[in-house]
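Novice: The structure follows.
The values are calculated or read from the model by the stated rules, or taken from the named source; none is laboratory data. Computed from a predicted structure; not experimentally measured. Cβ: placed from backbone, ideal geometry, glycine included. Neighbour counts: every protein chain shown. For accessibility, only protein heavy atoms count, side chains too; no ligands or nucleic acids. Shrake-Rupley method; radii C 1.70, N 1.55, O 1.52, S 1.80 Å.
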Amino acid sequence: TETQGEVTDANEIETQNEWEKSLKEIQLSGICRDDVLKIAESQLGYRESIEDYIIEEDGEQRGYSSYGAWYGEPYGEWSAMFVSFCLDYAGVKDYPLQSDPQKWLVELGDEKCNAYLSYDDYEPKPGDLVFFNMDSEEGADRVGIVAEVTERTDNSLAQIKTIEGDAENQVQYVTYNRDDPAILGYG
């Protein structure tokens, strides 16, 4: 994988009014895929707090994030909370939001929702959610938003470029080969 993104200093403890300022100038089109991407792109460079944090039982430091605060878990792992934030502020209705990627994948795959497709059954499009298993334990442990899909050429493999939260403690672009075994599927 390749990561890239410009990191900016985040306010240490942001209120809802403060994070909504970052969304004020965005003109939503009413097209869900486009609007989710606009919201996600507006957040590029956000970094979790390095001054306000907790130490978990395993010794890992978890910084405060606005997306976690928005969701109600200010010190939680926030890849899914970031994506949920983007969906919510893009005005996506009747779509479940979640803080846990695996629970979200299961919920989307339920026949009642029927909004999850495995890697083999779907060609991704910008604005889709993409679920990953990054640690080789069973299940999804990360989720992002597909920003760009490129086809294979003579000189390069087919790739997807995502926008992910909590990627190295920030919101950034990440690029994967489309056949990356970490990719589980799409929502």
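Novice: Looking for something more than 29 Å from Trp19 (Cβ to Cβ), in contact with a helix residue (DSSP H, G or I) (Cβ under 6 Å, 6 or more places away or on another chain), in contact (Cβ under 8 Å) with a residue 12 or more places away in the chain and open to solvent by 10 Å² or more (accessible area, probe 1.4 Å) - is there at least one such residue anywhere in the stretch 137-152?
Specialist: yes
Novice: If you check every pair at least six apart or on different chains, which have Cβ atoms under 7 Å apart with a residue in the stretch 104-119 that is more than 17 Å from Ile183 (Cβ to Cβ) first and a residue that is of a type in the set (Asp, Glu) second?
Specialist: Cβ pairs passing all conditions: Cys113/Glu107.
Novice: Only one of Val171, Val106 is assigned to a strand (DSSP E or B) and either at pLDDT 95 or above or surrounded by 14 or more Cβ atoms within 10 Å (Cβ to Cβ) (or both). Can you tell me which?
Specialist: It is Val171.
Novice: OK, next. I want to confirm something. Restricting to the stretch 34-47 and keeping residues that are open to solvent by 10 Å² or more (accessible area, probe 1.4 Å) and touching a strand residue (DSSP E or B) at 6+ places or on another chain (Cβ under 9 Å), which single residue is farthest from Glu14 (Cα to Cα)? Show your work before the answer.
Specialist: Here is the first cut: in the stretch 34-47, the residues open to solvent by 10 Å² or more (accessible area, probe 1.4 Å) are 34, 37-38, 41-44, 46-47.
Filter once more, keeping what is touching a strand residue (DSSP E or B) at 6+ places or on another chain (Cβ under 9 Å): 37, 41, 43-44, 46-47.
Numbers: Leu37: 22, Glu41: 19, Gln43: 14, Leu44: 16, Tyr46: 12, Arg47: 12 Å.
Out of the qualifying residues, it is Leu37.
Novice: Answer yes or no: is there a residue in the stretch 53-73 that is open to solvent by 10 Å² or more (accessible area, probe 1.4 Å) and under 24 Å from Asp34 (Cβ atoms).
Specialist: Yes: the stretch 53-73 contains one or more residues that are open to solvent by 10 Å² or more (accessible area, probe 1.4 Å) and under 24 Å from Asp34 (Cβ atoms).
Novice: Let me ask something else. With the structure loaded, tell me whether Gly127 is within 15 Å of the chain's Cα centre (by Cα), small (Gly, Ala, Ser) and surrounded by 22 or more Cβ atoms within 10 Å (Cβ to Cβ) or whether it fails that test.
Specialist: no
Novice: Trp78 - would you say it is without any contact (Cβ under 8 Å) to a residue 60 or more places away in the chain and closer than 27 Å to Glu51 by Cα?
Specialist: no
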